[in-house]
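Before any comments, here is the structure.
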Amino acid sequence: MSKRTHISATVNGDPVEFLTAPSTTLLDALRDELQLTGAKEGCGSGDCGACSVMLDGRLVCSCLVLAVEAEGRRVETIEGMAEGGQLHPLQQKFLEHAALQCGFCTPGLLVAAKALLDANPDPTETEARYWLAGNLCRCTGYDKIIRAVMDAAADLRQAQRVIA
Amino acid sequence: MTDVMEKPAVKPELKVVGTRPVRPDGVDKVTGRAAYGADLALPGMLIGKIKRSPHAHARIVSIDVRKARALPGVKAIVTADDFPDLASQEYEAGESASNLRDLSQNVMARSKALYKGHALAAVAATSAAIAQEAVDLIEVTYEVMPHVIDVEAAMAPHAPVLHDHLYTEGLDERPKLPSNIAKRNRLERGDLDEGFAKAEVIVEGRYTTQAVHQGYIEPHACVCSMSEDGQGQVWASSQGQFMIRTYCAKILGLEIADIRVTPAEIGGGFGGKTTVYLEPVALALSRQSGAPVKMVMSREDVFEATGPTSGAVIQVKLGATRDGRITAAEVELKYQAGAFPGSPVGAGSMTALACYDLENFRITGWDVVTNSPKVAAYRAPGAPISAFGVESAMDDLARKLSMDPIALRELNGVRDGVKAAYGPTFHNIGYLESLKAAKEHPHYSAPLAPGQGRGVAVGFWFNVGGESTATVHVNEDGGAVVATGNPDIGGSRASMAMMAAEVLGLPMEKVRPIVADTASIGFSMLTGGSRTTFATGMAVTQAAEKIVVDLKRRAGLLWDLPADQIEWRDGAAVCLDPSKEGLRPMPLAAIAAQSAKTGGPIGAEVSLNAQGAGPGFGVHICDVEIDRETGNVSVVRYTAVQDVGKAIHPAYVEGQIQGGVAQGVGWALNEEYVFDGDGQMENPGFLDYRVPVASDLPMIDTVMVEVPNPRHPFGAKGVGEVPIVPPLAAVANAVRGALGVRMHDLPLSPPKVRAVIDAL
């Protein structure tokens, strides 16, 4: 077996270092080396989105990224979404709208939904549905998820207007 | 008139039940804290991997593990030889009875591999990579045999036989030869020939469905540890920690007391996590290695080696008078069971005509083994399949009679006092109310755009009760903790806490619900059959009621008053004795603070076997639009009406209905196991096994009809399973409306729809 590589990266704003094998995915490194188990493996083939994280500001399936590719880069996971003990408005709206049942897809959906609202603060329902089409949820039928995302988007726009 | 007669039967106004609080486990689930099956790691933990059969049907000539065992880092290897060879015995522990021999041989093949993916051996090693390398080094010699997967091909006289010991049960005469037909069941009433002779209109159809998977996003996962004194611990995601304990004990030949199972959060189950696959194997590997062993399935393993539900053939013949009264119904169901007997054809038969009040009918069900993974329960097991046939035929009947499809169902619908096709007499059902609500819903009268079609279908599920345990403890500050033995698969912690809060008169936030391990709570049947809110909720409510009785007694001691002079109101003891005017209500917190003076800690446990689960009925309306170029069917509007008894947490009831509809739409339009000529599944991944994604679906409108179930303290009926029953036919009937042609074979995938369009 080949020797492990030393990786330095930024995860949720903090510098981290870990050793990884060349074939290890970013998902496995996050879960097994950094004990960040919020990102889930539902398929390992990029089809379910449960492992969604941000890599240098871009939404990726962490099961399709090699851990060595994280060298010198910025990773954001579900564990970094709430700040200073305050839930992100998307997290709050997911709770209020009962947008989760088993909760397994929820971390990935929240990361993907945040990426949507960062890129498009005022999505139509159709845009939200297509953006989130890479995140499978088997429990909810998506109805309450879409409502939560649209509601959070409206709140965030309102907050932006107040700041402006 | 007497005072007793005057006493109002109306319950006091509910303060918590029926509201929509944030679920107690919610924050953990939106922040990534919640720990599912694969999220636990123990010091010194090994990784286990399974060697699986590449063949759909093969005799196992030999398994040579010597090279694998010699690989550095390999700590244990097990095969069927490491498990007791169990005798055939039916055992009740999952959602339905399982045969322990079959269960054991499904966990680890003994002499034959019966489907591609069947477990043959397992390895535990210091890393996943070493475990995988060792799996590849295990040398298995096979004698490949002809296989059979299609249900009717498996029933044919010269089909390859999976089990030499399998003789069809339920026939008038025991057959002379073994076959793949495990069982024939039959339900009948009246005189079928006479019924059809009276009919003025007859419709007939032959329908097929393919095997579909529950598709929970979390693959099966566990960590197991067995110490040198034989004490085993299991941490696993499942629908029942007690189910895992029982099955592990039976499969490994251990005492139940030697196994403790702690439930992890469960990432979806839908019936598919009502049995064991990995846990007994990981325990055996841990026993051999002396270290904890973690096992996690890949998605491919989940598709190839865990239970889908049956592919099936459904034949339906209905006869009716010209005014729409059904005079006879004949249904024949052939269900794949997978590698071992036990398809849900029994429930499929019992539910097939449950919505109809019929004088003459016959339902015949066939349970057939095939070289595919042993089926597992899937949400209302068996019912969506038979409903697909019956409701498609009902739609054809309505068209032939030029009758409104809801009116036809109202005319023939069951109501209180009617003896159900499957036996019991219905009481307190809300079927006609649900039909009425559907008929009056704006969706039903909304105009369709050109090219669109609308379909209606109904569905039924029994809902079950069963054994549950709950404890409620009052904390020193007057809050409470509720513990149950049922994994929370979709919000049951919330409903448990709400029911306890309602009885105790506390705000929901003061009640913390937990799901306890098998050593910390009494036996509870698994979470399934839509039983948890009903049965476990009943145990929680009764435990809280016992506490209220005790609190009144304690307030009496503190006030020096008899308990019958005290009422529990809004979370406080209230004195009813007018002579003690001025005695202020004593809140729970005050009683709790003085519990040492009145007998010690305040708590109650209730174990019960809940009876009287109210059956549920759903009425669905579906609109589709068809892309005539690609053949793609889009569901553009969907309304699901359901009798829910009483919604404890309405948002999660809606969620159950919406989720069931989405799975049913997937079943109707895209999902199917596709096998090649060698019996290999061609689409064991979410790319090619296409479950609905957000852009495939519209909002799913729900209507909750509340006809309370008097057997539950708050009127609840099970709600989780009914909603997957009608969608298959609701979608197919809508497609029939849009195309003008009946399609009989699911899924109604683009190539099939396109072929119909081309033939128009």
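Quick look at the numbers
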| read-out | value |
| --- | --- |
| Matching residues, the stretch B:321-379, being part of a helix (DSSP H, G or I) and either of a type in the set (A, V, I, L, M, F, W, C) or touching a residue at least 60 places away in the same chain (Cβ under 8 Å) (or both) | B:VAL345, B:GLY346, B:ALA347, B:SER349, B:MET350, B:THR351, B:ALA352 |
| Test: residue in the stretch B:663-686 that is assigned to a strand (DSSP E or B), at pLDDT 95 or above and more than 10 Å from every other protein chain (Cβ to nearest Cβ) | yes |
| Matching residues, the stretch B:214-258, being in a strand (DSSP E or B) and in contact with a Phe, Trp or Tyr (Cβ under 6 Å, 6 or more places away or on another chain) | B:VAL223 |
| Residue match in the stretch B:518-537 (condition: within 30 Å of B:VAL574 (Cβ to Cβ), surrounded by fewer than 24 Cβ atoms within 10 Å (Cβ to Cβ) and more than 14 Å from chain A (Cβ to nearest Cβ)) | no |
| Criterion (assigned to a helix (DSSP H, G or I), crowded, with 20+ Cβ neighbours inside 10 Å, within 9 Å of chain B (Cβ to nearest Cβ) and out of contact with any Asp or Glu (no Cβ under 6 Å at 6 or more places or on another chain)) met by exactly one of A:LEU90, A:LEU100 | A:LEU90 |
| Subset of the stretch A:122-164 [assigned to a loop (DSSP other than H, G, I, E, B), among the aliphatic types (A, V, I, L, M) and either within 10 Å of another protein chain (Cβ to nearest Cβ) or at positive phi (or both)] | A:LEU136 |
| Selection count, the stretch A:32-42, where residues are more than 8 Å from every other protein chain (Cβ to nearest Cβ) and either assigned to a helix (DSSP H, G or I) or of a type in the set (Val, Ile, Thr) (or both) | 1 |
| Residues within the stretch A:108-121 that are closer than 13 Å to A:GLN91 by Cβ, over 12 Å from the mean Cα position of the chain (by Cα) and either within 12 Å of chain B (Cβ to nearest Cβ) or part of a loop (DSSP other than H, G, I, E, B) (or both), tallied | 0 |
| From B:LEU561, B:LEU588, residue being of a type outside the set (Ser, Thr, Tyr), touching a helix residue (DSSP H, G or I) at 6+ places or on another chain (Cβ under 9 Å) and farther than 18 Å from B:GLY478 by Cβ | B:LEU561 |
| From B:THR309, B:THR321, residue being under 20 Å from the mean Cα position of the chain (by Cα), at pLDDT 95 or above and either away from chain A (no Cβ under 14 Å) or within 30 Å of B:ALA153 (Cα to Cα) (or both) | B:THR309 |
| Some residue of the stretch B:648-659 being farther than 30 Å from B:GLU300 by Cβ, more than 9 Å from every other protein chain (Cβ to nearest Cβ) and not in a helix (DSSP H, G or I) | yes |
| Unmet requirement for B:ALA446, which otherwise passes all of (1) crowded, with 20+ Cβ neighbours inside 10 Å; (2) out of contact with any Ser or Thr (no Cβ under 9 Å at 6 or more places or on another chain); (3) among the aliphatic types (A, V, I, L, M) | (1) |
| Candidates B:ALA716, B:ALA651, B:ALA694, B:ALA734 - the one that is under 21 Å from the mean Cα position of the chain (by Cα) and surrounded by 24 or more Cβ atoms within 10 Å (Cβ to Cβ) | B:ALA716 |
| Members of the stretch B:458-514 found to be part of a loop (DSSP other than H, G, I, E, B) and of a type in the set (S, T, N, Q), listed by number | B:ASN463, B:ASN475, B:ASN486 |
| Conditions (1) crowded, with 18+ Cβ neighbours inside 10 Å; (2) of a type outside the set (A, V, I, L, M); (3) in a helix (DSSP H, G or I); number of the one not met by B:CYS622 | (3) |
| Test: residue in the stretch B:741-760 that is more than 30 Å from B:ASP301 (Cα to Cα), part of a loop (DSSP other than H, G, I, E, B) and at pLDDT below 95 | yes |
| Subset of the stretch B:226-242 that is crowded, with 22+ Cβ neighbours inside 10 Å and touching a strand residue (DSSP E or B) at 6+ places or on another chain (Cβ under 6 Å) - its residue that is nearest to B:PHE523 (Cα to Cα) | B:GLN241 |
| Enumeration of residues in the stretch B:12-36 that are among the small types (Gly, Ala, Ser), at the interface with chain A (Cβ under 10 Å from one of its Cβ atoms) and closer than 23 Å to B:VAL482 by Cα | B:GLY26, B:ALA34, B:ALA35 |
| Qualifying position, being at pLDDT below 95 and either of a type in the set (A, V, I, L, M, F, W, C) or within 29 Å of B:PRO723 (Cα to Cα) (or both), among B:GLY453, B:GLY529 | B:GLY529 |
| Exclusive hit being free of Cβ contacts under 8 Å to residues at least 12 places away in the same chain, farther than 27 Å from B:TYR689 by Cβ and not β-branched (Val, Ile, Thr), set B:ASP191, B:ASP258, B:ASP229 | B:ASP229 |
| Criterion: more than 36 Å from the chain's Cα centre (by Cα) and in contact (Cβ under 8 Å) with a residue 40 or more places away in the chain - qualifying residue of B:LEU506, B:LEU551 | B:LEU551 |
| Exclusive hit being on the phi < 0 side of the Ramachandran plot and either in contact with a Gly (Cβ under 8 Å, 6 or more places away or on another chain) or of a type in the set (D, E, K, R) (or both), set B:THR471, B:THR532, B:THR484 | B:THR471 |
| Listing of strands (runs of 3 or more DSSP E) fully contained in the stretch B:79-158 that carry 3 or more residues being more than 23 Å from B:CYS248 (Cβ to Cβ) and at pLDDT 95 or above | B:139-144 |
| Residue that is surrounded by fewer than 16 Cβ atoms within 10 Å (Cβ to Cβ) and either at pLDDT 95 or above or in contact with a Pro (Cβ under 9 Å, 6 or more places away or on another chain) (or both), where the choices are B:GLN542, B:GLN594 | B:GLN594 |
| Any chance B:LEU40 is within 14 Å of another protein chain (Cβ to nearest Cβ) and within 19 Å of B:TYR277 (Cα to Cα) | yes |
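Residue-wise test of (1) surrounded by fewer than 24 Cβ atoms within 10 Å (Cβ to Cβ); (2) touching an Asp or Glu at 6+ places or on another chain (Cβ under 8 Å).
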site	(1), (2)
A:ALA9	yes, yes
A:LEU26	no, yes
A:GLY44	yes, no
A:SER52	no, no
A:ARG58	yes, no
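One line per residue, one yes/no per condition, for (1) within 30 Å of B:PRO280 (Cβ to Cβ); (2) among the aromatic types (Phe, Trp, Tyr); (3) surrounded by fewer than 24 Cβ atoms within 10 Å (Cβ to Cβ):
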| site | (1), (2), (3) |
| --- | --- |
| B:PRO308 | yes, no, no |
| B:ARG322 | no, no, yes |
| B:ILE326 | no, no, no |
| B:ASP396 | no, no, yes |
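The values are calculated or read from the model by the stated rules, or taken from the named source; none is laboratory data. This one's a predicted model, so the numbers in the text were calculated from it and none came from an experiment. Backbone-built Cβ (ideal geometry, glycine too); neighbour counts: all protein chains shown.
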